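Take a look at the structure set out below.
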Amino acid sequence: QQDMRHPDDGRPILFLYADQAYVERHAVGLVLSLAAVRPRCRIHLHVANPSEKLRAILQHLEPHLEGMPLVVSAETVPATLPVSPGIYHSCIRFVRFLQVLECNQQPAMLLDVDLLARKNPLQLFDDHPEADVVLAMAEFDPLWGHFFGGMVAIRPTTAGLSFARRVASLILDNFDKQTSRWFLDQIALAVSYDQKQEEVRFATVPKPAVASRTFAPDSYFSSVVNEQKHAENQHNKFKRTLLHQSGLAALLAG
């Protein structure tokens, strides 16, 4: 792994985790959509198993990120894992997110790379100035869907870091015991929320207000479920527009 530190300029950090394939399919679109809404932040992209193509992608992406510095770190994920690759990547991002929080001691927000920004997500911090942790909640969903794993905002207070460490610990414990399953990341959020109620100042926002599956313009992000990621819909049309306008579509198609 490379250094995860950012310059200490007080800007919040938006943290993205993806393997190389997801960088090309999704993360570039998310970064371009963030550039369009111009949050005063830093972006941290952590890439699993990067290829030589990553350097060219970053070189083409950088001119579009004026005022939004990008730090990239990487790791090599072994072919043999205690869990399936899908579960590993969806969960280990919370461990890497904790490392970014601990290294930088600045407010940070973990984002699913298949989101597309519709408005400035830093407003979630501004709207909840006293919160250690801001979560997107689907109150009446089952445990694995109660909290949306695609957006978690944490201030590096003692309580905020305690919550982040608990989430990471539950994930790693399940990896060690080989009891991991789909939605372990969101189950870990729900369990940690329950365990940390008295210690952490939580703010919860309705999930549709954070990430809309209907491309609602008043949500912070547009979101798609797995079966819609390659469908003809407004989300993917928006992403194609961003890629063509930036000149990155041809590079990613090659």
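Using Cα-only point scatterers and the Debye equation, what is log10 of I(q)/I(0) for the range 134-179 at each q in 0.21, 0.26, 0.27, 0.32 Å⁻¹, rounded to two decimals?
Treating every Cα as an identical point scatterer, log10 I(q)/I(0) equals -0.86, -1.01, -1.02, -1.04.
Just the Cα atoms of the range 1-133, one point each, no solvent: what log10 I(q)/I(0) does Debye give at q = 0.19 Å⁻¹?
These q points yield log10 I(q)/I(0) values of -1.15.
If you put +1 on each Lys and Arg Cβ and -1 on each Asp and Glu Cβ, how big is the dipole of the range 73-228 around its Cα centre, in Debye rounded to 20? Walk me through the numbers before you get to the answer.
Details: 13 positive and 18 negative charges, 41 e Å.
Computed about the Cα centre, the dipole is about 200 debye.
Is the range 121-254 rounded, prolate or oblate when judged by the Cα gyration tensor, a ≥ b ≥ c being the square roots of its eigenvalues, rounded requiring a/c under 1.5 and prolate requiring a/b larger than b/c? Write down the numbers at each step before the final one.
Values: a/c = 2.03, a/b = 1.57, b/c = 1.30.
Prolate.
In Å and on Cα atoms, what radius of gyration and Dmax does the range 15-86 show?
Rg, Dmax (Cα atoms, Å): 13.0, 40.
About its Cα centre, what dipole magnitude does the range 153-248 give when the only charges are +1 on Lys and Arg Cβ and -1 on Asp and Glu Cβ, stated in debye to the nearest 20? Write out the running numbers ahead of the final one.
Values: 13 positive and 9 negative charges, 49 e Å.
Dipole size: approximately 240 debye.
Helix-only estimate, please: 222 nm mean residue ellipticity of the chain, summing -39500 (n - 2.57) across DSSP H runs of length 4 or more and dividing by its residues, to the nearest 500. Present the calculation step by step, with values, prior to reporting the outcome.
Numbers: 9 runs with 97 residues, N = 254.
Helix-only estimate at 222 nm: -11500 deg cm²/dmol.
Take the cross-link list 53/237; 53/207; 207/239 and give me the ones stretching past 30 Å between alpha-carbons. Let's see the in-between values first.
On the way: 53/237 24 Å; 53/207 35 Å; 207/239 21 Å.
Those over the limit are 53/207.
If R₀ is 35 angstrom, what is the calculated FRET efficiency for the pair residue 105 and residue 80, using the beta carbon separation as r and rounding to 0.05? It would help to have the intermediate numbers written out before the result.
Values: r = 35 Å, r/R0 = 0.99.
Computed FRET efficiency for residue 105 and residue 80 comes out at 0.50.
To the nearest 20 debye, what is the magnitude of the charge dipole of the range 159-208 about its Cα centre, counting +1 on the Cβ of each Lys and Arg and -1 on the Cβ of each Asp and Glu? Kindly include the intermediate steps, with their values, before the conclusion.
On the way: 7 positive and 6 negative charges, 24 e Å.
Here the size comes out at about 120 debye.
Set the Förster distance to 51 Å, then compute FRET efficiency between residue 173 and residue 244 from the Cβ-Cβ distance, nearest 0.05.
On the way: r = 45 Å, r/R0 = 0.87.
That gives a FRET efficiency of 0.70.
Which log10 I(q)/I(0) values does the chain give at q = 0.10, 0.14, 0.15, 0.17 Å⁻¹ under the Debye formula, counting every alpha carbon as one identical point scatterer?
Taken in order of the listed q values, log10 I(q)/I(0) reads -0.45, -0.94, -1.10, -1.46.
Which residues' amide hydrogens lie under 5 Å from the amide hydrogen of residue 74, considering only partners 5 or more residues apart or on another chain, with H built in the peptide plane?
2, 47
Could I have the simple spin-label model distance between residue 123 and residue 38, label points 7 Å from Cα toward Cβ, reported in nm to one decimal?
1.5
Taking a label point 7 Å from the Cα of residue 52 along the Cα→Cβ vector, which residues of the range 67-87 have an amide N closer than 20 Å to it?
Under 20 Å, as judged by backbone N against the label point of residue 52, lie 74-77 of the range 67-87.
Output the relative contact order of the chain, whole-number percent, from Cα pairs under 8 angstrom with separation of 6+ residues. Mind dumping the intermediate values first?
Details: 431 pairs, mean separation 55.9, N = 254.
Relative CO of the chain lands at 22 percent.
Most fluctuating residue of 221, 148, 175 in a GNM of the chain with Cα springs under 10 Å: which is it?
175
Readers should treat all values here as calculations from the given coordinates under stated rules, not as data from a laboratory. A quick note: this is a predicted structure, and the numbers were derived from the prediction, not measured. Because the Cβ atoms are built from the backbone with ideal geometry, glycine has one as well, and the counts that use them run over all protein chains shown.
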